[in-house]
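Below is one structure, written out as structure tokens; comments come after it.
We did not get these values from a lab; they are worked out from the coordinates using the rules stated. From a predicted model like this one, the values you see are computed outputs, not experimental measurements. Here the Cβ positions follow ideal geometry from the backbone for every residue, glycine too, while neighbour counts run over all protein chains shown.
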Amino acid sequence: MKRLIVTGASSGVGRAVAELFLKEGWSVGLIARRADALHQIATHHDNAVVLPADVTDAQALEAAFDSFGAPDVLFNNAGIFGPSAPIDEIAIEDWEQVLMVNLHGMFLAARLAFGAMRRSGGGRIINNGSISAHTPRAGSVCYTTTKHAITGLTKSLSLDGRPFDIACGQIDIGNAETEMVANLKKRDPDLLTMDVSHAANAVLHMALLPPEANVQFMTVMATKMPYIGRG
């Protein structure tokens, strides 16, 4: 049975990915802060492993990985949007929170997965980037900065993983219908979206590739969203 760890598994893209992989028969380690939501996902799935942990807590995250064992794939997904405002209106503590979850948390998860995969003979890390890893929305300095950093993390992991048969790719998702996008849509009712299942299916495609193949970067987005040409 193939083994997957998902961070941020309690909602949004993470939950959609976790539920799809469980349906496909993978053993799935579910990491998020909300244990109740994770147990809800795990209901009726003997192949689900509930691993409550905050991705910014290095010790808790390490315990979760140790409990699950070496994954074949990590979907490094946990993230938050943070406040939407010009930089001079961003509170320092809000900046630090987004940085801790979106960058530090993803670093910690990647570090643990990389080590486990190195010891077990290989694997695959899929980082959740964003359209904002390329082209930002206005007022998204916290989120956009961290997502640009994830692209650097992805490239570094791809290079450093080669000697150990560890592949790393990045999926950049635009306007999938999740709680985060629903909040954006409250401010912009004309926001064009797509069903989150398309993002989950794209992650599954990346995960099922043989070791000699890798999707380095994939963009999956609502067809008519203003990505190409937006500033």
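Every residue, every condition in (1) in contact with a strand residue (DSSP E or B) (Cβ under 8 Å, 6 or more places away or on another chain); (2) among the basic types (Lys, Arg); (3) closer than 20 Å to Ala32 by Cβ; (4) free of Cβ contacts under 8 Å to residues at least 24 places away in the same chain, yes or no:
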position: His104; (1), (2), (3), (4): no, no, yes, no
position: Arg118; (1), (2), (3), (4): yes, yes, no, no
position: Asn127; (1), (2), (3), (4): yes, no, yes, no
position: Ser130; (1), (2), (3), (4): yes, no, yes, no
position: Thr135; (1), (2), (3), (4): no, no, no, no
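Which condition breaks for Ala199 when tested against (1) under 21 Å from Ala16 (Cα atoms); (2) outside any helix (DSSP H, G or I)?
(2)
Any chance the stretch 28-41 includes a residue that's surrounded by 15 or more Cβ atoms within 10 Å (Cβ to Cβ), part of a helix (DSSP H, G or I) and basic (Lys, Arg)?
Looking for residues that are surrounded by 15 or more Cβ atoms within 10 Å (Cβ to Cβ), part of a helix (DSSP H, G or I) and basic (Lys, Arg), one finds none in the stretch 28-41, hence no.
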